[in-house]
Structure formats: C-alpha cells, structure tokens
Amino acid sequence: MKIYRFIAIHVLLLVVVLASFTACEQQQHYEIQDDVLYSLLEPDKVEGMEQRGDSLYQAGQISALCRKFYHAYPLCNKYHQFNDAVPLFREMLKEGTEDSLERLFQICAASELTMILRYQGHVENSMLTAIDATQRFSLEEAMTDQTALESYIRLGTFIGDGLVSTGNYEEAEKQFTKFYDLSNEMKPGVMRLAEWYPRHFELYEVIIRSYIVSGQYARALPWIERCEKDVEAYYKAPEFKDMPHSTTQYVEGYLAGSQICKAVANEYLGNPEEAEKAYHTYLKSDMAHTILGKLNRAFYLSASKHYKEAADIFQQLDNVLAMYSPSISLDWIHEYYLPKFEANLHAGRRDSAFVQAEQICETLDSTLTTYMHDEGGKLATIYASLKKEEKIIEQEEHIIKQRTLGLSTFIILMAGFFGTYTVRSKRHARRIAEVKAEQERIENELSIAREIQMSMVPHDFPQHHGLDMYALMEPAKEVGGDLYGYVFNKNKLYFAVGDVSGKGIPASLFMAQVTRLFHTLADEGQSPAQICTIMNKELSGADNVNGMFVTMFIGMLDIDSGHLNFCNAGHNPPIIGCGEKKARFLEIESNAPIGLWPDLDFVGEEIDCIKNQTLLVYSDGLNEAENLEQKQFGDDHLMDIMHNVQFVSSQHIITHLQNEVEHHRDGAAPNDDLTMFCLRVS
C-alpha cells in the first residue's frame, strides 16, 4: 500500500508540473463560445430529465452515450442513489469518441463522478478520475461551452483536494489557486452569471473542506477570508438585483459552510472566542439545520469538547446518512466513524463507544482488503498516466526546451520516481505476498461466517399433516441480513421471514439476534403480535446505537383447521393464491419495522382458513431485483407470474421464481439479499 501511495504521489506531482507548463501558454481572458449543454440538459429541471433524454435520443438530437447522462444525473441529484449513478458515469467515460458534443457530455460525467467518489470517501479514486479527465479533454474544448468549462474547473479543484490528502500541500495550493483564478477569469465571458456564481463558490467548499479534514487549519483561513470577501462583492455587484433567489441561497449556503470551518479551524488553532463567534454565525443559517449542517455541528462540538451534544447529533444522523450511500472506505472511517467514536467515548457513553469501536474493527479488515484490491487498478492507471505524460513531452518538446527550470524539475522527479521504484521493488513484492495472504485469510473467515449464518436457517422441510413447505435464502454478499425460520409447537406452525436494514457482517449479527428471539418466543407459544412487540422492546432503545431494524412477517398456522394468525412488521405484503388469476397481495395492517421505537404495541390479524391456498412470503430482494440497466423485477411482473404458475409443490413455486429472477438479472450481480418462503396446507 505504501509503495502504491509513493508512486501515486510522484506521478501526481509530474501531472501538476506538466500542467503548469501548458498553463503558461493560456491567455488570461476566456470567451465562452456556446451554451449548448445547458440548453439540452436544463439541469435546473431534474424532474422528467430521463424522459427528455429519451425523447431527444429518439429524435436523433443526442447519441446513446449522451442519453446515459440524462439517466445518471437524476439518480444522484434527485433520488440520492449515488451507487447506481456511478456505473453509468463510468460507462460514459469508457467510450472513446471524437464527437464534440459527446466529449462535452463526458467532461460533465467525469465532474459528477469525481464529486460522488470524493464525498463517498474515495479520495484517491476521485483524484485519479479527475487527472484522467483533464488529460483526455483540453481546456480549449471545455471553453466551447459554459457548463463544460465549469465542470472542467471542478475537476482541477478536486485534483488539488487529492494532493492535500497525500500531503503535497504546496502543490495543492498551486492547483487550487490556478483553477480559482481560471474561474474568475471566465466570469466576464459567461452567458449565465446565475449559474456561474454557485459553481464559483463551490470551489471554496472543496478547498476549505479539504484543508480542514486534513488538519491544515492555518491554510484554510485565508480561503475562508476570500470567500467572505467574495460574498460581500456578490451583494454589491450590479447584477445582484437580477439574480434569482436560488442563486443567492447557494451563495449563502457556501458562506455558512465556510463559517463552520472557520469555527473548527480557530478552535484547533487556540482561538476559542473567534471559533464561538463563527459558530453562532453559522447557527443563524438555514444550512445549519440540514443533514450536512448537523454533521458539521457535530465536528465543531467535538473540537470544542462539547462531547455530549456531538454524540447526540451523531446518533440522530446514522439512519439519515444511510440514504446517501456512503461506502465504507478508509476515508469514511477516518472522517465519520472515528469522530463519532471519540465523541461517545469522551461523553462517557462507554457502551456506545464500544459498539462503535466494534463496528470500526468489523469493517476495517474488509475495507483494507478492498483497498488493496483497488490499488492494482490504480497502479495501472498511474502507469497509463505516465505514458500519456511522456507523449505530451514528445509532442511539446519545443515548449519544454524553453523552460529550463521546469524541465530540470521534471527530470529530477522522474529520476526520483524510477530510482525509488527500483530500490523498493523487492519490498513491494514482499508486501504483495503479505496482502495476498491477508486476502486469503479474510476470504476464509467470510466463508466460515457464511457457513455459520446458513446453518442458522432450516434446510429440511418436513411434509407434516398435509403441509407442503419450502424456503430459499441467497445473500447478496458473503453474509447477509435476510432470515427465515419455522417452529412446530403441537399442531401450530410458527414461521417468519425478515429483512434486516443494511448488508454484510453488521446485518448478519443483528439477524442472529432476531432469529434467536423468534425461536424462543415461538417455543413459549406467544402470538405473532406478542412476538413482534417483545422483540421490538428487546432490539430497540438506547442499546441499538446503530439504529438497525428488521422488517418481518410472522405467522402462526393451525395445521388442522387452516386458521392463520399473523403480524406484519413493515414487511412486503405476502401473496396468497396462485394460478388461474387467483393470486392477490394480502391486505395487511401497517405496523412499523421492529427495532425503531421501543414502546410500540404491534397489531395482529387473522384469516379463518387458508387451506388449499398457496402463501408466498418474500423479501424485497425478489420484487426489487435489478438487471444491468437497473430496471427492477417489479410487483406487477411478480403478480403476473403468480397468476399463471400452477401449484405443483412449494419448492416448484420457489424454483420457478428463482429462475425468473435470474433471467431478469441477465448477468447483473444481486443488488440485495433474496429470501422466499412458500407453504400450502391441505
């Protein structure tokens, strides 16, 4: 890992040095030539963007490559489905094209992808994506369109952010200044100042946040001061009176962000009075009461040793942040999990701190393994970048010769890079062997964990008093959070299907608790509603610091009479009946999932007799299974299948549905755990 980082740092420095060579040739005044992207995209109208893209494609105004942007952009800017947007943006960038419009769309795709990766905590991936884009696309072609040029400037700023994360503060400052100046220089030539202002102030957010997260508080303060002055200038500008309210909201939001960073920076620099003043200014802003605003408040409160208030905010944010799909990276552990742990620890909440420490430990091994796996790809990208730079040197040899000092710097860096690589090659090989051994160990442990989890659900389904029963569970990862089970208690069959929030090891541990409680309470003869109520009290409250919950359907079937007593706790409605258009979704009482609020009384329901009727209970891994285009299996498609399939056996029903799901996925990896439970009593 260290050798990869070392290589990355040196090559990134080469990129920055070469960028400074070519930057010297650029003029200092920029006239934007067109605004075609904004006219086509209408980015302020995210609603209906997918349909607009499809219509433009069918009319022949855009290509299939451009059409992908219309589907990816709303995923992150409307639905907050960032993990679904990433592969679409990547697909756009894989395609080589000489078409000018497609290349402009690719610049915007690279900009969006870079930002998503950064805020998901993948700093180096974000930086490498930005580097690759600025090499593939020139400033000159970005200048043909205002939206593309704004995206290009964002890319350059995120390269600076990556340099900060690697400790190259001087080079980062040069990169930040270069693209900040470029943004200022393009202002006289832009066609839409209302769009330029938000993107310009976004640069401050990236730069200031980058320095604050890396602990470079003294470097952040001058940029905060610049931001404050630029906001003053905005209010005094002649165009201010014509600016829409939304533009002013953006500007004020970025100013508020700079104030909370100013509070954190001054607190750590030993200026508590300045820190408190900036914090109270921040609290007056609308941003302070948003999700991101509360997170920022927690960081400041921890810095100022108000640990109890910080811990309270962290606890409130756990469930809310899940919708933004933060993948568990080393940077996310550093920027969120560790501050949360420290706040709970210093607040005296030892149990919560211990649970958070366990969560960090559980995710750290797999995170490191994933990181090591990604490093090979990154190294290949770095070598590709190096070859591109060598090509640039050959093509622009006459420019480099005129810059003796720059050329000398380049040669020194190249010598340092290859010299260091040669010296460390043996150490690198030994480290790769260690990583491989560590990967094998973790894979073996995960395999054992999967075997343990699968052993917790039954695989034998006895034909008991006319009962035909079968179930299937397929985790999306090595271990999952779905569950099913059954218990015979005299002539009563208790059965359950559940879906724990989240995936992976944390979900599987919670699943084990749920399974144990279900078996214990069913053995005691409790009703399904009582089981849900008792389980909810056990699993919610102060001990559930991670805010985990489970949706469940629990049934109690009298095998002799066919009477069904059941309770549905926020789960998918089961399907009753099959074949000859007789299938229907079961009408159910709306109970909350188990584990959210401790004082709930769950409501049960009854059906007099379900004899000779098929009952299918399933998790959302069935109806929400996605194909390569992210199209879901869907409730309607599921109901069509159940209308037409004839009952042969419960196993036949589940096998048939399993095959239909595989056909729908068409090679796509499972996006969620899949569980199905089918029974019929005659």
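The values are calculated or read from the model by the stated rules, or taken from the named source; none is laboratory data. Since this is a predicted model, take the numbers as computed values, not measurements. Every residue, glycine as well, gets a Cβ built from its backbone with ideal geometry; the counts of neighbours run over all protein chains shown.
Among the candidates Ala275, Ala256, Ala220, which residue alone is modelled with pLDDT of 95 or more and surrounded by 17 or more Cβ atoms within 10 Å (Cβ to Cβ)?
Residue meeting the stated conditions: Ala220.
Answer yes or no as to whether Ala303 is surrounded by fewer than 23 Cβ atoms within 10 Å (Cβ to Cβ), touching a Ser or Thr at 6+ places or on another chain (Cβ under 6 Å) and hydrophobic (A, V, I, L, M, F, W, C).
no
Considering Phe179, Phe240, Phe201, which residue is surrounded by fewer than 19 Cβ atoms within 10 Å (Cβ to Cβ), hydrophobic (A, V, I, L, M, F, W, C) and modelled with pLDDT of 90 or more?
Within the list Phe179, Phe240, Phe201, the selection yields Phe240.
Check Thr281, Thr367 and return the single one that is at pLDDT below 80 and either more than 30 Å from Gln249 (Cβ to Cβ) or more than 21 Å from the chain's Cα centre (by Cα) (or both).
Thr367
Does Asp161 fit the bill of being within 18 Å of Gly257 (Cα to Cα), touching a helix residue (DSSP H, G or I) at 6+ places or on another chain (Cβ under 9 Å) and either modelled with pLDDT of 95 or more or of a type outside the set (Gly, Ala, Ser) (or both)?
yes
With a cut-off of at least 2 residues that are among the basic types (Lys, Arg) and closer than 20 Å to Asp161 by Cβ, name the helices (runs of 4 or more DSSP H) lying wholly within the range 213-313.
217-236
Output the residue which, of all residues in the range 41-69 that are of a type in the set (Asp, Glu) and at pLDDT 90 or above, is farthest from Ala194 (Cα to Cα).
Asp54
Hey, among the residues in the range 52-83 that are assigned to a helix (DSSP H, G or I) and of a type in the set (Lys, Arg), which one's farthest from Ala110 (Cα to Cα)?
Arg52
Which of the residues spanning the range 167-196 are touching a helix residue (DSSP H, G or I) at 6+ places or on another chain (Cβ under 6 Å), farther than 13 Å from Ile153 by Cα and hydroxyl-bearing (Ser, Thr, Tyr)?
Result: no residue meets the conditions.
Residues in the range 615-636: is at least one β-branched (Val, Ile, Thr), at pLDDT 95 or above and surrounded by 14 or more Cβ atoms within 10 Å (Cβ to Cβ)?
yes
Just a yes or no: is a residue in the range 512-519 assigned by TED's automatic domain parsing to the domain that holds Leu622, under 22 Å from Met469 (Cα atoms) and aromatic (Phe, Trp, Tyr)?
yes
For the range 85-140, how many residues are under 21 Å from Leu75 (Cα atoms), surrounded by fewer than 18 Cβ atoms within 10 Å (Cβ to Cβ) and of a type in the set (Lys, Arg)?
2
For residues that are modelled with pLDDT under 90 and not small (Gly, Ala, Ser), scanning just the range 124-142, find the one that is farthest from Glu98 (Cα to Cα).
If we take residues in the range 124-142 being modelled with pLDDT under 90 and not small (Gly, Ala, Ser), then Glu124 is farthest from Glu98 (Cα to Cα).
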